[in-house]
Each structure stands twice: as structure tokens, then as C-alpha cells.
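Here is the structure we will look at.
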């Protein structure tokens, strides 16, 4: 290991002399922590609706007002007929049309019920589904209020109170932030060191090292260690940003955040290196890595829950390192889980790390 | 020049699939020699050299460099050689001094020795002012000299040069060869590949590769006589005409 | 023209010589399309539920049975205390705990203040609210029967509103219908923007760009020649994605294919120009890659591909108007799923065309500055 300190000196110097890298190391976490949590919410609100009131009665107006008052919806327009409302829907200005029938008030008082039709643009299934369910809830609540006000129904015998543990306000930010950290890390610590190595292969400077007595492990460590240190910095920096900007702090132990991330960093950098060992130039390496990153991100539980996937897919995600780190980080941040409770995430990640690093070393060839 | 043999190749062969890049090449190089490894582009010189440097496994045959087998003891080989590649693999984004310190350290030279040698080297080359200059801002000729100096910085017994003088004017090339002579005088064996035939004249002995085989081996004078030529160009031309590969 | 074609041929050879990358460029988009269809779903199912019963009477027994029998839930037995429940949550073994307060049945019959608490794992907000909603439905069903038994409300309920919902275009709320247009947008962006900028910069890095520029062919042609293969690859990808999604995943193409292709071609143009623009401002492949990546991140978030744009803060909504993918995804959803005619996507097409021209002009400007 004699050569390692010299190689490390070289790597650190090169890293910081390239202005782009340090800038990205600072900017990307800021962008991720600052901008993304504000944007990437799967909360549904401000949905535009159009209401067609065919009755123009007191009761129908009250319903319209109730809809308007809701924080989920935005009354874009009241329309005289379906044709105009449908135009708005097709244009993309509204996603829901509420049609109140023209005997609304009469039917409410006199007959078994009045009809309200909700037309939903269900292209975005989740938005459509949730929006529909909120609209239905509001309308049903209105019916209930009318019932109570007019003495027609007694109080319900059973009240149901939901209590959300770990995240009482169902705030989306603590849910996203741990996952965003993992994503930042895989982009910077998985992608970049591998590109660095392939870049040297492409430029030919790697020959100069291959011809020296520097061992494989020394070379690999010299490439990885700077990025590991950057990774650890990013973990700390991101946590700081999350705290300062959003007031989000881990419910669990901070040392666990670092521990899990260290194993994660170790794993993804080894994966990246393995890919670069099988690539001849930067373009190839970039495409392959990108492919893996996209698949990992999509199936990690970041975008949609693993529990919602078909069973064979859930098994397949066992091969996805992001799955473990994201689950672990969310649990640490939100539930304050202990280390032993998270062993089922930690162990697979460690195994993954060992396998990936061994493969990276073996596939790196000084002599072919 | 002594009679000690430092490089010995016997039937050295490299195949890539059905393509034989290096075809049963046999030769010896003595200590302190300047050995020119000539041939047209595509003749197989770089492939052969890579095997000798321990970068590539031979498909058949064997070779020893500094007494170590290139197929099984390549890491040992690497401790005893220096190398300068076609792309002058210096790190562009490090300074002259930083490059030298790096490679000195890699070969295990003690720090004060490195310091002294750097001072000595910079003075010899007239580079003192460039100590802290980024390599990428150096002109090509200087980079070449620096790359060569780097290759012999750790005082190896053999240095391999792969097309070291590409792209510079004849005067600069001549200056470069002065450095080579100096190294050879100090006992370093120089193994150099080139396709500049005038440089062949500077070598003690040369071999000429055609289609992966060595078709000529000897001192420039011997070869000129053998092939009835006035210059190495003539010798080369006589051989290259029969070539099936390369340009 | 012949010279131009020979350059195009050269570019194709570069790409074909790298079969691994080519394979991924052609296969990755298909996988990106299949994933949302078969793997990435938002439905909530297999809710692991446990019961904390402080009452243990006939009504709690009945409700528990109903829960376990419900297709959405998987009964996981009982817990005795809230601490035990919390532990199970932290281990990730449970999703919902139903807590019955003491004297449940008594309270229902006599004081009408019985309560059921639903403890949900709030660390997954959306999932949690849906799980709660399902549990509430089970309880509501139970209540209705009880209310009828207790003759509180009689035969029909006055002030009853019947809500009929009609889900247009995607009645089964399949996520792939929403995702596929987005995936096409992403893929085209990746290929036309990232790959082209890397290809152009690579040439410059290798030093061969100058050789090409010195040739009699106008420099603009050289650059255009680089764009052509990627344009073709993205068209191939688009075609294969559409076939895959139409035939295999039943994603509709309700509108005119023609209109869709026109929109797509304009989007491809815009993305290529963006790639070109990037290549004029950077010098290394690494930089081109990093900038493209930095562009892709906002594209994922602001384009409406995954997250609904209206739910975002105003600033983000404004910013999303700059993202070309947003216009394309919006237009392609309208065309593919809603089947609208061309005038309904005029806004999008216009926006894309303007952006494309702006990028092109900027790229031209920077390119000229370079040469000078």
C-alpha cells in the first residue's frame, strides 16, 4: 500500500482542480433538498373543477360553495351546459366536472334522493381516483349535514378516528427527503467515480498506472476513497439542509444514518466501477450506468410503494440496493427505528456491498 | 554495453481470435543497448511491447524481461521497467513537480531522494521555471522530454518507449534522442518502437516487423548491407513491399 | 448532399460499432415502458392489519371478522398494547392497527359514543390515507347495518345524494396510461439531448472535430450529421414503445396517429436543439453528461410525468412551462388517451416549436462564437 498516499494526493488534487465537480457536489444536494421536496408531492390539491348547476336553488348553490371552499379544489368555472364544460376538460383546464341535476332541491326534500354526476379525467389514474374520492366525500358530507340540520338522521353510533403514527400531519416531505438523499448519492458516488476510471481508460492514462507495480486494490481504493469522503460529506450536508430548510430531522439515531449510508456508498461505487470495468469508453459506461440507475430508482419504492407491486416484482427488488437504503432511511427518519429493527435492511445491503466490491476488483484487469 | 541479456523473447505470439497480431517473434536485447523495434503501423509492434511490459498475456511462446517471465511474473517485471506511451501519459491537470512526486512515490523512492532528483532533473532539462506549471500548458516537445524523464525517474534497468517522438519537428526529436543516449550511457537499456526510419540509425540494433513477424534483425549497418540499401528507408521499403497489413 | 450523407453514414458507423450501447438505447425504453405497466402500481392491497381489542365483545368480534375477510386486508392477529403495535410498525411488519375502545358494544347501544381508532403508519402518507379509507369503509358498512337494525333511519334516507362517477378515458385508472406518454418524453429527451451532446463533445475532445471543420463541408452540416442518427434512433424507439404499449399493454391511441407523430417530431427537434446547445457550451464529455443529468432531474419532476403539476407551488408551475417535456407529455396524453383533435393541442405544439427555435438560435450564436 505504499503507493496509496501518493495516488490519493493526485486524485484529490484532480478532483478539486476540475471546477465542475465541487460545484456539483454542493449544488445538487441543495437542488435536491431545497427544490424537490417542495415540488415532488403526491399530495393532491388545487384540482380544477367545473360545476354545472342545473337547478339554481339554494341547496345547489350551497353545494357549489362547499366545493369551492375545499382546499383540494379550485372552482375554475361554472358552466351553463355540458358542452362548454367538456371543452374545458379536453383543453386541459379542468379535470373534473360536477353536474347537479335540475330537480336537485326538490328531490332532496321529497324523494329518495338527488343525483350528482361527477365526470373525471382519469388519464392520471391516481389523481383522478383521489380527486373523485375527495369530491364524493365532500358531497356525502353535505348530504349528512343537511340530514342533521333537518333532524332526519341521528348521530352515528360509531366514530372513527384515524391517527397517523410517526407522521401525524401526513407531511410528504419527511417521506421524500430520505429517498432524495439516496438518489443524490447514487448519481454522484455511483456514477462519477466509474466515469473517472473509464475516462482514464479512454485517454490512455490508465496504461501508465497499469505498467507500474501499483496493485489493483491500491488503484481502485485511490479512485474510490475521494468519492467516499465526498459521499459522507453529502450525507451530512443533506441532513443539515433538510433540517435548516424544512425542519426535518431524523427521529432515529444520526450515527445510524451515517452507518447505513456508508455501506450504501460502498456498494454503489463498487457497482459503478464494475460497470466501468466492462466498458471501453465513457459513452458506453454512461449509458449502461444510466440504465441501471433508472431501473433502480423506479423500482426502489421511491416513486411507488414496493408493497403495491406484483409479488414476483417484489422479489426482484431484492436485487436493488436502493430499496434497502430508502426503506432504512425512511424508517430512521420517520419511525426512529433502532438498529436491530432494521437488520433486515442492513444485512442485505452489506452482502450486496461485499459481492459488488469483490466483483469490481476481480473484473479490473491490469493484465489481459 | 555488456553481454548480459535483459530481454529475451522466444516464439512470442499474440492472437486475437483468428487474427495473429504478433507471430512467433524471437530476439534478445543486451544490457545498455538501444534497441529499435521498427515496423509499419499495424505491423504488431505495440502488441509485442505490451506483452513485454506485462500488460498482455502471450498466446504462445515466452519472454523474460529483467529475468522475470512476462506471463507469470508480470508484477515483478513492472518493478524493474519504465514506460512511456504514445499518448505521453502525464497527468495534464497536475504540475510538473506533482507528476514527478507521484511516480517517485509509486515506485517506492524515499522522499528526500525524490526531492533531490527533481531538483537535478529540472536543472538538466532547463525546466526550473516550470516546476509548478500544469502539464497541459507545456508545449509538446517539453511534454515528451518530461514523459521520458518520468519513465526513467525511478532508475529502472530497462525503459520501453512506444512511439515517443510523434508530432514534433526534427530538431526536437534530435534533442529527445540526446536524452536517450544519456540514459543508455548510464546503463539503462532502451527499447524503443518507432516508424521514423531516420531514428533507426540512432539505435545500436533494430528489428523490423512485417505482418507480425520479425523479418530483419541486426545493426543498421548490417541491415543496410544485407538489403543493399543506402539508408534504413531503403531497407524498410524492401521489406514493407511484401507486407499484407498496415498502410 | 452526397457529402452530407457520407457524414451521416460515418456517424451511423460510430454507433453501430458499439453494439452494447445501441442495444441499451433500443431496449431500455421498452423496459421503461413495461415497468409502469407491470411493476409500478399505486394500488393499495395486502394491508397487514392487527387488532387491539380493549373490549372483546360481540361487536368487536364481528367487526374484526369483517376486516379479516375483506379482500384488501391480511389479518395479522392481535396486539395487546400500543407499545407492541409501535414495535411492529418500526419493524415494518404491520400497516394498520384497529383499536377498539373499552365497552365498545355498550357504548354503541346506550351512549352512542363508541369509537374506533385507526393507527396507520404515517411514514407512507398516501398509502396511509388509502388504508384508512378502506378501513373506514368496512366500519361504515358495519354501521349502516347497525343503524338499520336500530331502526334509526327507517326505509329510505331523505337528504340522500347519490354520486355517480364516470371515469373518462381510463376507467380502470391504470397507471400505465398515465406513464407511457411520459416515458416516451423522457426517452426522447435522453437520446436526443444527452446522447447527441455527448457525441458532439466527444468529437471535440478527441480532437477530430477540427479535422472535420477544416473539410470543405460547411460546419453546420457536420453537426447536423451528428444529429441524424440519434433522431432516427429516437423515432425507432418511439415507434417500438407505441407498438408495445398499444398491443401488449392496451394503452389507447384514441386520437389521430398523424397528429401524434407531428407533435413527436417537433419535440424531437426541440430536444435535438437543446442537445446541440449544451454541446456548444461545454468542452468535456463529463461536463456534457453532468449538465444533461442536471436537466433530466427537473424534467422528471416538473414535466407532469410522475407528479401532478397543479399540486405544486406556483413558482414550480411557472418553471414547468420551460421544460419541453411538459408540453409534449401534456399533448401526447390528450392525443393518445383522450383522443382530442389537433386544435386542442395547438398550445403545446406552439410552445414546443418556439422553444426549439430559441434553442437553435442560441446554439447557433454560441457555435459561431466558438469558431471565431
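The values are calculated or read from the model by the stated rules, or taken from the named source; none is laboratory data. From a predicted model like this one, the values you see are computed outputs, not experimental measurements. No Cβ is skipped: glycine too gets one built from the backbone with ideal geometry, and neighbour counts run over all protein chains shown.
Every condition in (1) more than 30 Å from residue C:183 (Cα to Cα); (2) at pLDDT 80 or above; (3) facing another protein chain (nearest Cβ under 8 Å) is met by residue A:175 except one, and the failing one is (1).
Screening A:266, A:258, A:296, A:291 for residues that are over 21 Å from residue C:94 (Cα atoms), under 17 Å from the mean Cα position of the chain (by Cα) and assigned to a helix (DSSP H, G or I) leaves exactly one candidate, A:296.
Please indicate, with yes or no, whether at least one residue in the range A:300-308 is more than 17 Å from the chain's Cα centre (by Cα) and at positive phi. No, the conditions are met nowhere in the range A:300-308. Residues of the range A:32-59 that are modelled with pLDDT under 85 and within 7 Å of another protein chain (Cβ to nearest Cβ): A:36, A:38, A:39, A:40, A:41, A:42, A:43, A:44, A:45, A:46.
The one condition from (1) touching a residue at least 40 places away in the same chain (Cβ under 8 Å); (2) more than 11 Å from every other protein chain (Cβ to nearest Cβ); (3) in a helix (DSSP H, G or I) that residue B:116 does not meet is (1).
Starting from residues that are at the interface with chain A (Cβ under 8 Å from one of its Cβ atoms) and in a helix (DSSP H, G or I), keep the ones in the range C:110-134 and report whichever is surrounded by the fewest Cβ atoms within 10 Å (Cβ to Cβ). Across the range C:110-134, the extreme among qualifying residues is C:133.
When you check residue A:273 against the structure, is it in the same structural domain as residue A:223 (by TED's automatic domain parsing) and closer than 28 Å to residue C:18 by Cα, yes or no? Reasoning before the result, please.
Details: in the same structural domain as residue A:223 (by TED's automatic domain parsing): yes; closer than 28 Å to residue C:18 by Cα: yes.
Yes; evaluated as a whole, the condition is true for this residue.
Here the helices (runs of 4 or more DSSP H) wholly within the range C:1-86 that include at least 3 residues being outside the structural domain of residue C:233 (by TED's automatic domain parsing) and at pLDDT below 90 are C:2-16, C:58-69.
Filtered by the rule that a residue be more than 9 Å from chain A (Cβ to nearest Cβ) and closer than 12 Å to residue A:92 by Cβ, the range C:310-331 gives C:326, C:327, C:329, C:331. Residue count for the range B:1-59 satisfying the condition of being under 22 Å from residue B:239 (Cβ atoms), at pLDDT below 85 and assigned to a loop (DSSP other than H, G, I, E, B): 5.
Within the range A:340-368, the residues that satisfy the criterion of being in contact with a helix residue (DSSP H, G or I) (Cβ under 6 Å, 6 or more places away or on another chain) and outside any helix (DSSP H, G or I) are A:364, A:366, A:367. If you filter the range B:60-103 down to residues that are within 9 Å of chain A (Cβ to nearest Cβ), under 16 Å from residue B:7 (Cβ atoms) and in a strand (DSSP E or B), you find that the one that is farthest from the chain's Cα centre (by Cα) is B:81.
Residue count for the range B:104-113 under the criterion of being more than 15 Å from residue A:210 (Cβ to Cβ) and at the interface with chain A (Cβ under 7 Å from one of its Cβ atoms): the result is 2. Here residue B:126 passes the criteria (1) surrounded by fewer than 17 Cβ atoms within 10 Å (Cβ to Cβ); (2) within 22 Å of the chain's Cα centre (by Cα); (3) farther than 25 Å from residue B:80 by Cβ except the one numbered (2). Of the residues screened, residue C:210 is not one that is more than 9 Å from chain A (Cβ to nearest Cβ), within 29 Å of residue A:198 (Cβ to Cβ), free of Cβ contacts under 8 Å to residues at least 40 places away in the same chain and surrounded by 20 or more Cβ atoms within 10 Å (Cβ to Cβ). When restricted to residues that are more than 7 Å from chain A (Cβ to nearest Cβ) and farther than 29 Å from residue A:21 by Cβ, the range C:282-309 contains 2. For the residues A:120, A:116, A:94, the requirement of being crowded, with 17+ Cβ neighbours inside 10 Å, in contact with a strand residue (DSSP E or B) (Cβ under 6 Å, 6 or more places away or on another chain) and more than 10 Å from chain C (Cβ to nearest Cβ) singles out A:94.
Mind checking which residues of the range A:61-107 are in contact (Cβ under 8 Å) with a residue 60 or more places away in the chain and assigned to a loop (DSSP other than H, G, I, E, B)? Steps first, answer last, please.
Step one: of the range A:61-107, the residues in contact (Cβ under 8 Å) with a residue 60 or more places away in the chain are A:62-63, A:66-67, A:70, A:72-73.
Hits for the range A:61-107 are A:70, A:72.
Going by the conditions given, is residue C:195 buried (at least 18 other Cβ atoms within 10 Å of the Cβ), outside any helix (DSSP H, G or I) and either facing another protein chain (nearest Cβ under 8 Å) or modelled with pLDDT of 80 or more (or both)? Spell out how you get there, then give the answer.
Values: buried (at least 18 other Cβ atoms within 10 Å of the Cβ): yes; outside any helix (DSSP H, G or I): no; either facing another protein chain (nearest Cβ under 8 Å) or modelled with pLDDT of 80 or more (or both): yes.
It is false that residue C:195 is buried (at least 18 other Cβ atoms within 10 Å of the Cβ), outside any helix (DSSP H, G or I) and either facing another protein chain (nearest Cβ under 8 Å) or modelled with pLDDT of 80 or more (or both).
Only residues that are assigned to a helix (DSSP H, G or I), at pLDDT 80 or above and surrounded by fewer than 16 Cβ atoms within 10 Å (Cβ to Cβ) were counted in the range C:148-187, giving 0. Of everything in the range C:87-109 that's part of a loop (DSSP other than H, G, I, E, B) and touching a helix residue (DSSP H, G or I) at 6+ places or on another chain (Cβ under 7 Å), which residue is farthest from the other protein chains (Cβ to nearest Cβ)? Only one residue tops the list, namely C:94. The C-beta contact set for the range A:303-318 (first residue over 22 Å from residue C:307 (Cβ atoms), second residue at pLDDT 90 or above and in a helix (DSSP H, G or I), distance under 8 angstrom, 6+ apart or interchain) comprises A:318/A:348.
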